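Here, each number is a calculation from the coordinates, and none is a lab measurement. A quick note: this is a predicted structure, and the numbers were derived from the prediction, not measured. When we count neighbours, we look across all protein chains shown, and the Cβ atoms used for this are built from the backbone with ideal geometry, even at glycine.
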């Protein structure tokens, strides 16, 4: 008998190879065991174009309604994609739109297996990246300057007072970008990080570049310190864990020399870049969990990587692919587990645990996709296609579920 779900899960479909894997994961690993109850949103680029990106907004609001969502990787179009997909405009990042609506913090952690050693040999424990999920370059306004002129930063208060700061004098063509953030969002970012550190019993590092950005980045530093001193220092001391701030360039050096086992909080773009660095150093971009936690207690699970375009073009030619689906599977398992926790559904929680254990056991047994073959030191490893890998997981999941009866 299939496991029943009490409340819908918000399902956000995506693009290219990950969209293909999304369908296969559901058919092979989820639907045989769970009577999936989802509210479906197609965030594939053609549908975002057809709806003028309203579907992305609707999906984010559905997440706020139901509390838990799972998202497939999506394309953030550039000029080449505009032409390829015949888009009316260069639509913004769906992740950026969703994060702007939900606010909160993205926590990303490597999925570790014993046969794949980190590229940084002294990393023996996971490094969790806590990425702020609001504002900065993802909500920036941009101007292409074509002729000489003066760039100014202008802020007008509701009472009519105007503040003007000259940015630069342009003698010829150039580009401008205006970024912003808000104290409220930075405060929720700080509290999310402190709460997560306490729940995981891990040290928390936070880094920006306040020596250069003396107002923008310095505001992040000040808010973190003020909230820590007022609300969290005693709790951290009681747990025996540490919070400290350092410049991001110093943090990078410290991270490389460390053994891991801590949470590294970063601003939005910094977290985007550093999570890719950490995941790649631990093994593969497809071996990293990612969850957005909003201050309202809403959760959005996703894979931290992109749509695997190169494999998608091979798939369209009818060629065999060996695309790693682990991060996407863990997005589903994470969302199902959280849905089970919210609905007090232990069967759903147990299934999520079994699914993740089956994935890891498959890799530990030496059966894996091409990206992991290059990294694994398993003595008897075997490269599987995307579909073969899913069925290898299925066989272990069947055995695990049967043994529990």
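A few comments on the model shown:
- Distance between the stretch 1-72 and the stretch 296-361 - C-alpha centres, whole angstrom: 11
- Taking Cα atoms only, the orientation of helix 183-200 departs from the longest principal axis of the chain by about 40 degrees.
- Additional length obtainable on full extension of the chain from residue 342 to residue 399, 0.36 nm per residue less Cα span: 17.8 nm
- Each peptide in 357-366, 311-320 receives the mean, over its residues, of other Cβ atoms within 10 Å, and ordering these scores from highest gives 357-366, 311-320.
- Most fluctuating residue given options 175, 120, 308, as computed from a GNM of the chain linking Cα atoms under 10 Å: 175
- Separation between Cα centres of the stretch 76-94 and the stretch 220-267, rounded to whole Å: 38
- If you plug the beta carbon distance of residue 319 and residue 165 into 1/(1 + (r/R0)^6) with R0 = 41 Å, you get a FRET efficiency near 0.15.
- For residue 235 and residue 259, a Förster radius of 22 Å and the Cβ-Cβ distance give a FRET efficiency of 0.35, rounded to the nearest 0.05.
- In this label model, residue 64 and residue 140 are separated by 2.7 nm, measuring between points 7 Å along each Cα→Cβ vector.
- Taking a ≥ b ≥ c as the square roots of the eigenvalues of the Cα gyration tensor, the stretch 3-44 is oblate, since a/c reaches 1.5 or more and a/b is not larger than b/c.
- Degrees separating the helix 216-227 axis from the principal Cα axis of the chain, which is the longest one: 70
- Among 149, 370, 261: highest mean-square fluctuation, GNM of the chain, C-alpha pairs under 10 Å: 149
- Computed packing ranks the peptides 156-164, 218-226 as 218-226, 156-164, most packed first, by mean other Cβ atoms within 10 Å.
- For the pair residue 153 and residue 88, a Förster radius of 30 Å applied to the C-beta separation gives a FRET efficiency near 0.50, rounded to the nearest 0.05.
- Once the chain from residue 37 to residue 383 is taken as fully extended at 0.36 nm per residue, the excess over their C-alpha distance is 121.2 nm.
- Among beta bridges that DSSP assigns inside the chain, antiparallel share in %, nearest 5: 50
- Overall, the anisotropy analysis places the stretch 324-405 in the prolate class: the square-rooted eigenvalues a ≥ b ≥ c of its C-alpha gyration tensor yield a/c not less than 1.5, with a/b exceeding b/c.
- Among 172, 260, 334, residue whose mean-square fluctuation peaks in a GNM of the chain (springs only between Cα atoms under 10 Å): 172
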